[in-house]
Structure formats: structure tokens, C-alpha cells
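One structure is given below, encoded as C-alpha cells.
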Amino acid sequence: MRGRTLILVSHHVQLCAPGAKYIVALDNGRAQYSGDYDGFRASGVLNTLVQSGASDPVDEKEEAAVDKVEEIIEK
């Protein structure tokens, strides 16, 4: 990826933002913030995005833990 521009679009802002070089936060098609991560944190926009209640339904799905994995060997 060296020398290339990568555009990542995500609802998981709190996970992706720290590694971003440049951030653009949109709300209903309008830019709420654009700039670096430090400025993004200082702007307070991150707090409004996290508190908006928007969540991914996959995040709420619980999965059962597997206690023991059995190995199947075919002869």
C-alpha cells in the first residue's frame, strides 16, 4: 500500500480514527470535521458520533464460546 491513498469508510470511528492520517466526519452528507486525529478528538465531534446511538446489528449478536474443539480424523 506504500505510495497509495486508501479511503476507509466505517461506522466504527473509535477503532479506525487513531490510525488515520486525515479524517472527514460526515453527518447527513455534510462535513462535521476534516483534519488530523488530534484535532478530531479536540473538536468533540467524536463524542457526538459515538453517542448518536448508531450501532451495527452484528455488534449486538452474542456468540456462544466454544469450550472444547474436537478434531475429526477421517480414515
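Structural remarks
- Couplings for region 31-37, taken from phi via the Karplus curve 6.51 cos²θ - 1.76 cosθ + 1.60 with θ = phi - 60°, read 6, 8, 7, 8, x, 8, 5 Hz in order; Gly and Pro are left as x.
- The order of I7, I23 by accessible area, most exposed first and with a 1.4 Å probe, is I7, I23.
- Once both labels are positioned 7 Å from their Cα atoms along Cα-to-Cβ, the gap between N28 and Q14 label points is 2.5 nm.
- Simple spin-label estimate for M1 and N47 gives 3.0 nm between the two label positions (7 Å along the Cα-to-Cβ direction from each Cα).
The values are calculated or read from the model by the stated rules, or taken from the named source; none is laboratory data. Nothing here was measured: the structure is a model prediction, and the numbers come from that model. Here Cβ is always computed from backbone atoms with ideal geometry, including for glycine, and neighbour counts include all displayed protein chains. These accessible areas exclude ligands, DNA and RNA; they are computed on the full protein's heavy atoms, side chains included. Shrake-Rupley method; radii C 1.70, N 1.55, O 1.52, S 1.80 Å.
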